[in-house]
1. Determine whether Phe256 is surrounded by 16 or more Cβ atoms within 10 Å (Cβ to Cβ) and modelled with pLDDT of 90 or more.
2. Taking Pro64 as meeting all but one of (1) more than 30 Å from Gly275 (Cα to Cα); (2) of a type outside the set (A, V, I, L, M); (3) at pLDDT 85 or above; (4) not assigned by TED's automatic domain parsing to the domain that holds Ser231, write down the number of the exception.
3. Checking the conditions here, which among Gly279, Gly293 is at pLDDT 75 or above, closer than 24 Å to Ile41 by Cα, exposed (fewer than 14 other Cβ atoms within 10 Å of the Cβ) and of a type in the set (Gly, Ala, Ser)?
4. Could you look through the stretch 204-246, keep only residues that are touching a Leu at 6+ places or on another chain (Cβ under 6 Å) and modelled with pLDDT of 80 or more, and pick out the one that is surrounded by the fewest Cβ atoms within 10 Å (Cβ to Cβ)?
5. Taking the stretch 68-103, which residues are among the aliphatic types (A, V, I, L, M) and out of contact with any helix residue (DSSP H, G or I) (no Cβ under 9 Å at 6 or more places or on another chain)?
6. In this structure, does Asn79 turn out to be at pLDDT 90 or above and over 25 Å from Gly125 (Cα atoms)?
7. With (1) modelled with pLDDT under 90; (2) surrounded by 15 or more Cβ atoms within 10 Å (Cβ to Cβ) as the list, and Ile147 as the residue in question, which single condition is left unmet?
8. What pairs come up if the first residue lies in the stretch 240-258 and is small (Gly, Ala, Ser), the second is surrounded by 15 or more Cβ atoms within 10 Å (Cβ to Cβ) and at pLDDT 90 or above, and their beta carbons are under 9 Å apart, counting only those six or more places apart or on different chains?
Amino acid sequence: MILEKSFQKYRKTEPLTLFILRLIVLILLLVSLFGYTLLIIWGIYNDNPVIQNSLAIENSFPVPFLYIYTFQQTNINCNFENASGTHDCTKYVIQPQSTTIDGVDAYSGNFSADELIFSATPNSGISSLEFNIYGNSSDFLSRLFVIAIVDADFIKSYKSGLNLSDVFKNPHSMYSTFSVSIFNQLNRYTISAYNSYKFKLKRRRKDIMLPSWENFIGFSSKLESFQFLTSTMEKSPLLNNTLALLTKIKIEPQLFIIQVESDKRYLIQVLNSLGLIGGAWGFAITFYTLFFGAIPLKPWGLIQKYGFKINRSVQTKLKNTLEFIPLVYYSKDISDDLDNHELKRRLDSLQLFLTEYIVDAKYLEDVYKTNKNI
């Protein structure tokens, strides 16, 4: 029968009904193992890392990159405050230049200062930034401005440097959705003229798990860090202003404690899954053995059976070492009487085979030596 060859061979001393029952149980166990393996593979394929939150203390962080977008020509003045007073920083400002964005005529400028940092220690950095936006003419009609505050280290992760339009065209790494969302939504404000605004910044860090075979298999995670800012805005009327002064913007740090979001894999990895599959396989074998007994021992593995040139050498070694092939050799003499010499040779071959592949005779040897010395 094909099933007899595919599964455990039908035993001559076993009733047919028991063989059929054993075969049905074995098929059910194999189907269950196959289905369980498919579920684990599907879980690995669809597994997403979870986010672990923690807090870290930073004594300082770089001042942000500020993008300013207006609909009329303006000039921007900048100053910062530190322990020694107020200082001009207009040299770090790129004044708004005429451009076209999404088919609309506009003016765009920005601020970036690698040398300036916000610091919790007064003598080690600055405490605040202030920007004054002035109109170039008295007939300033547009009262709206768009500003975006972006972490300076985040900007540095792009080869395009401070060219924001290139940032949108060439999103960093594999995480364009996360990267672009920071520019499109986070810390992006539409403000109006003749008001004063104060922005308080908090820094955050996101450690994103990179798609790599190490992370997939279950080794130590490779993470790529993104620093970004969150902010709150306070609005008040612009007091003591000249006609040319349109808007005042003040930026200062709120906290030097940053929130860290790290990707972690806690559920399913390939190495963990191999352990789960091995455990299920062991449970199936235990279940089968409990109800139907142990299967025959198989002392040879795939290497001995199918290994390149190894199978032939194993067979040759067995043939040359054992005078008789145990359990399958039958004497050519069909008479009922075998001489003592042939019986001894057959028993010696069987004993050698059993001690080599079936029974660990070390304990029996120790017992024999102990009793022999008594």
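1. yes
2. (4)
3. Working: Gly293 fails: closer than 24 Å to Ile41 by Cα.
Result of the check over Gly279, Gly293: Gly279.
4. Ser231
5. Going through the stretch 68-103, the residues among the aliphatic types (A, V, I, L, M) turn out to be 68, 76, 83, 93-94, 101.
Residues satisfying the conditions are Ile68, Val93, Ile94.
6. Details: at pLDDT 90 or above: yes; over 25 Å from Gly125 (Cα atoms): no.
Considered against the rule, which asks whether it is at pLDDT 90 or above and over 25 Å from Gly125 (Cα atoms), Asn79 comes out as no.
7. Going through the list (1) modelled with pLDDT under 90; (2) surrounded by 15 or more Cβ atoms within 10 Å (Cβ to Cβ), Ile147 breaks only (1).
8. Cβ pairs passing all conditions: Ala244/Asn75.
The values are calculated or read from the model by the stated rules, or taken from the named source; none is laboratory data. All values reported here derive from a predicted model rather than from experimental measurement. All Cβ positions, even for glycine, are placed from backbone atoms using ideal geometry, and neighbour counts span all protein chains on display.
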